[in-house]
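Undergrad: Quick one: the structure is below, questions incoming.
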Amino acid sequence: MVVGLGNPGTKYDGTRHNIGFEVLGRLQTKLRASTPRAKYEGEFSTATIDGVSLLLVWPLTFMNSSGRCVQPLANFYKVNHEQNVLVVCDDLSLPLGKLRFRTSGSAGGQKGLNDILRVFGGQAVPRLRIGIDPAPPRWDVADYVLGRFRDEERATVDKAVADATEAVLSWATRGIAFCMNKFN
């Protein structure tokens with residue numbers, strides 16, 4: 001199960017907070033995944049790579065309530081969240097475009113990830129964080145993450161989304177330890 005975090009609606013397309021949705025969109029196209037269906041306050045699509053079935057999940061609850069979608073889907077499909085769920089999200093503490101896999105840990109201020117950790121009752125949820133740079137001095141963090149990337153950042157972001165797409169495919173076929181060594 002690959003969960004891309006973001007906010008629903010065209011108002012948020014292309015924003016820093018929606019980079020997880022961008023990765024899922026690219027995965028859906030690359031894998032020719034099924035047309036998304038609605039369930040548990042989100043949309044999901046299915047695909048297969050090298051015999052591994054993937055469930056691509058877009059929570060549509062808005063970022064801060066992502067767990068309301070993720071936990072019921074994981075329960076319905078009997079997916080072990082400690083090994084077989086990967087959350088793809090933005091990270092303010094990483095430089096723009098930097099990827100970082102982790103098997104567990106705190107949410108580091110990412111409220112969508114925090115809600116997912118809360119509903120699963122622990123920090124053991126694998127994640128792929130994509131750096132969006134820290135908010136500039138005197139900027140409100142919410143305004144920053146809900147803002148769009150500047151034109152001069154777009155090439156770096158597009159490469160990060162492409163790299164993250166390949167990283168997710170590696171996670172599905174080779175596991176997180178391989179990915180931590182290759183992509184971190």
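What follows is calculated from the coordinates using simple rules that are stated; it is not laboratory data. Note that this is a predicted model, so its numbers are computed, not measured. Neighbour counts run over all protein chains shown; Cβ positions are idealised from the backbone, glycine included.
Undergrad: Determine the calculated [θ] at 222 nm for the chain from helices alone, applying -39500 (n - 2.57) to every DSSP H run no shorter than 4 residues and normalising by the residue count; nearest 500 deg cm²/dmol. Kindly include the intermediate steps, with their values, before the conclusion.
TA: On the way: 6 runs with 67 residues, N = 184.
Mean residue ellipticity at 222 nm (helix-derived): -11000 deg cm²/dmol.
Undergrad: Compute the length gained on full extension between ASN64 and VAL141: take 0.36 nm times their separation in residues and subtract their Cα-Cα distance, giving the result in nm to one decimal.
TA: On the way: separation 77, 0.36 × 77 = 27.72 nm, distance 1.42 nm.
Fully extending the segment from ASN64 to VAL141 adds 26.3 nm.
Undergrad: Specify the residue with the greatest mean-square fluctuation among ILE130, ILE49, ILE116, computed from a Gaussian network of the chain linking alpha-carbon atoms under 10 Å apart.
TA: ILE49
Undergrad: Whole percent per 5 Å bin, from 0 to the bin with the longest distance: what is P(r) over all C-alpha pairs of segment 77-159?
TA: 3, 13, 24, 22, 16, 12, 7, 3, 0
Undergrad: Also, I was wondering about something else. When the Karplus curve 6.51 cos²θ - 1.76 cosθ + 1.60 is applied with θ = phi - 60°, which whole-Hz ³J(HN,Hα) does each residue of segment 6-14 get, with x for Gly and Pro?
TA: Per-residue couplings from phi come out as x, 10, x, x, 5, 4, 9, 4, x Hz.
Undergrad: Moving to a separate point now. Cut-off is 10 Å between beta-carbons; in what order do TYR12, TYR77 appear when sorted fewest neighbours first? Walk me through the intermediate numbers first.
TA: Details: TYR12 17, TYR77 14.
Placing the least packed residue first, the sequence is TYR77, TYR12.
Undergrad: Report the GluC sites (Glu not before Pro) located in segment 1-94 that are in a DSSP loop and have at most 15 other Cβ atoms inside 10 Å of their Cβ, or state none. Walk me through the intermediate numbers first.
TA: Working: sites: GLU22, GLU41, GLU43, GLU82; in loops: GLU41, GLU82.
Of the GluC sites (Glu not before Pro), the ones in loops of segment 1-94 whose Cβ has at most 15 other Cβ atoms within 10 Å are GLU82.
Undergrad: Between GLU82 and LYS30, what's the calculated FRET efficiency when r is the beta-carbon distance and R0 is 30 Å? Round to 0.05. Don't skip to the answer; put the middle values down first.
TA: On the way: r = 27 Å, r/R0 = 0.88.
That pair, GLU82 with LYS30, gives E of 0.70.
Undergrad: Rounded, prolate or oblate: pick one for segment 17-71, where a ≥ b ≥ c are the square roots of the eigenvalues of its C-alpha gyration tensor, a/c under 1.5 means rounded, and failing that, prolate if a/b is larger than b/c, else oblate. Write down the numbers at each step before the final one.
TA: On the way: a/c = 2.22, a/b = 1.61, b/c = 1.38.
The shape class here is prolate.
Undergrad: Report for the chain the percent antiparallel among DSSP-assigned beta bridges with both residues inside it, nearest 5.
TA: Details: 16 of 26 bridges.
Taking every DSSP beta bridge within the chain, about 60 percent pair in antiparallel fashion.
Undergrad: Could you tell me whether segment 119-175 comes out rounded, prolate or oblate from its Cα gyration tensor? Rule is a ≥ b ≥ c as square roots of the eigenvalues, rounded for a/c under 1.5, then prolate if a/b exceeds b/c, otherwise oblate.
TA: Details: a/c = 3.63, a/b = 1.35, b/c = 2.69.
In terms of gyration-tensor shape, oblate.
Undergrad: Can I ask one more? Mind checking segment 1-92 for trypsin sites (Lys or Arg not before Pro) that DSSP puts in a loop (not H, G, I, E or B) and that have at most 16 other Cβ atoms within 10 Å? Working shown, then result.
TA: Working: sites: LYS11, ARG16, ARG26, LYS30, ARG32, ARG37, LYS39, ARG68, LYS78; in loops: ARG32, LYS78.
For trypsin sites (Lys or Arg not before Pro) across segment 1-92 that sit outside H, G, I, E and B with at most 16 neighbouring Cβ atoms in 10 Å, the list reads ARG32, LYS78.
Undergrad: When we measure straight from the Cα of LYS182, which lysines land under 20 angstrom away, once same-chain ones fewer than 8 places off are left out?
TA: LYS98, LYS159
Undergrad: Going by a ≥ b ≥ c, the root eigenvalues of the Cα gyration tensor, does segment 54-94 fall in the rounded group (a/c under 1.5), the prolate group (a/b larger than b/c) or the oblate group? List each step's numbers first, then the result.
TA: On the way: a/c = 2.29, a/b = 1.42, b/c = 1.62.
The shape class here is oblate.
Undergrad: Can you figure out the FRET efficiency of ASP50 with ALA162, using R₀ = 30 Å and their beta-carbon distance, to the nearest 0.05?
TA: On the way: r = 19 Å, r/R0 = 0.64.
Working from the Cβ atoms, E equals 0.95.
Undergrad: Based on the Cα coordinates of the chain, what is the per residue volume of their convex hull in Å³? All intermediate terms of the calculation are to be shown ahead of the outcome.
TA: Details: hull volume 19.6 nm³, N = 184.
About 107 Å³ per residue, rounded to a whole number.
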